[in-house]
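Engineer: Have a look at this one.
The values are calculated or read from the model by the stated rules, or taken from the named source; none is laboratory data. As the structure is a computational prediction, the values presented were derived from the model and not from experiment. Using ideal geometry, Cβ is built from the backbone for each residue, glycine included, and neighbour counts are taken over all protein chains shown. Ligands, DNA and RNA are stripped out before the accessible areas are found, and what is left, the full protein with its side chains, is counted by its heavy atoms. Shrake-Rupley method; radii C 1.70, N 1.55, O 1.52, S 1.80 Å.
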Amino acid sequence: MRKQRFVLCIFGVVLVCLNTFTVVKTSPTNRRISNSLQRRLKRNLTNLAKAFNLSQGFAGSPRRSKVKKYRLKDRSTALLNGLIDRSLVKAPSTNTRKVMLFSRNGYLLQISNNGFVNGTHDMSDNVWFELQSVHVGIVRIKNIKTGRYLAMEENNGRLRGHTRLSLKTLFVTHEVKTYHWYRSYTNSNWYVGIRKNGTQKPAHQTAADQKAVLFFLVPFST
């Protein structure tokens, strides 16, 4: 059965080609294949392939090659971004500052020994942080007493104190007049925020223009 289909397929291709080149031979354009005849040949071969349930590689290969090219480009871009991310996580700090983060809602950011993050009015050792710059506009926020880094969970945006460095412990920072906001490195819509009652604000409810996400840096004074 396969041999019969193959023979019929070859016979059909020969007939299509003979038919096409017969038209070309009688054409008054110096026997050149015009664009219309080329389209006709391609259309006839495509129809023949459909009739014999054959793959249409000759008709679809350019499109597949473009898709493959784009996929390879996307993969290379993703690989490059992954390398950049890993280098930022392990990057040494280029500049450090010892500060307190005073929320515009009237609370000092703190990280407890168990990693709990909230706002407080108490001047304890848990409110002192070391801002570590790892790149232009990218920082890590390390609590000096607990040794924990401020981190924002990727699944729900909760703030926690982590002992290990990761993409969760990276924040993009920006100055707004005399205040700063800190945005998650992995989610461009989530910000560090403290509500009016001192609890952390859910990240999905934050925005760059809210009072809850603005912090005044109180420098350490000896």
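Engineer: Would you please name the residue that is nearest to Asn95 (Cα to Cα), looking only at residues in segment 137-149 that are among the aliphatic types (A, V, I, L, M) and open to solvent by less than 30 Å² (accessible area, probe 1.4 Å)? Lay out the reasoning, then the answer.
Structural biologist: Of the residues in segment 137-149, the ones among the aliphatic types (A, V, I, L, M) are 138-139, 141, 144.
Filter once more, so that each one left must be open to solvent by less than 30 Å² (accessible area, probe 1.4 Å): 138-139, 141.
Details: Ile138: 11, Val139: 9, Ile141: 12 Å.
Looking at the filtered set, the residue picked out is Val139.
Engineer: If you take the residues in segment 91-100 that are under 22 Å from His174 (Cβ atoms) and under 29 Å from the mean Cα position of the chain (by Cα), which one is most open to solvent (accessible area, probe 1.4 Å)?
Structural biologist: Thr94
Engineer: With respect to Val134, is the statement that it is touching a residue at least 40 places away in the same chain (Cβ under 8 Å), buried (at least 23 other Cβ atoms within 10 Å of the Cβ) and not polar (S, T, N, Q) true? It would help to see each step written out before you state the result.
Structural biologist: Working: touching a residue at least 40 places away in the same chain (Cβ under 8 Å): yes; buried (at least 23 other Cβ atoms within 10 Å of the Cβ): no; not polar (S, T, N, Q): yes.
No.
Engineer: Of the residues in segment 150-168, how many are open to solvent by 30 Å² or more (accessible area, probe 1.4 Å) and within 16 Å of Gly193 (Cα to Cα)? Steps first, answer last, please.
Structural biologist: So in segment 150-168, the residues open to solvent by 30 Å² or more (accessible area, probe 1.4 Å) come out as 153-156, 158, 160, 162-168.
With within 16 Å of Gly193 (Cα to Cα) added as a condition, the list becomes 153-154, 156, 158, 160, 168.
So the count comes out to 6.
Listed here are the residues, each with its yes/no results for (1) under 22 Å from the mean Cα position of the chain (by Cα); (2) in contact (Cβ under 8 Å) with a residue 24 or more places away in the chain.
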position	(1), (2)
Asn113	no, yes
Ser124	no, no
Val127	no, yes
Glu130	no, yes
Val176	no, yes
Tyr182	yes, yes
His204	yes, yes
Asp209	no, no
Phe220	no, yes
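Engineer: How many of the residues making up segment 188-206 are open to solvent by less than 50 Å² (accessible area, probe 1.4 Å) and in contact with a helix residue (DSSP H, G or I) (Cβ under 7 Å, 6 or more places away or on another chain)?
Structural biologist: 7
Engineer: Still on this structure, please answer the following. Looking at Tyr182, Tyr191, can you tell me which residue is aromatic (Phe, Trp, Tyr) and under 21 Å from Ser87 (Cβ atoms)? Please lay out each step first, then the result.
Structural biologist: On the way: Tyr191 fails: under 21 Å from Ser87 (Cβ atoms).
On inspection, the qualifying residue turns out to be Tyr182.
Engineer: Kindly indicate the residue of segment 146-165 that is charged (D, E, K, R) and touching a residue at least 24 places away in the same chain (Cβ under 8 Å) and also nearest to Gln205 (Cα to Cα) among those meeting that condition. Write out each step before concluding.
Structural biologist: Start the filter on segment 146-165 by keeping residues that are charged (D, E, K, R), which leaves 148, 153-154, 158, 160, 164.
Keeping just the survivors that are touching a residue at least 24 places away in the same chain (Cβ under 8 Å) gives 148, 154, 158, 160.
On the way: Arg148: 25, Glu154: 15, Arg158: 12, Arg160: 17 Å.
Of everything passing the filter in segment 146-165, Arg158 is nearest to Gln205 (Cα to Cα).
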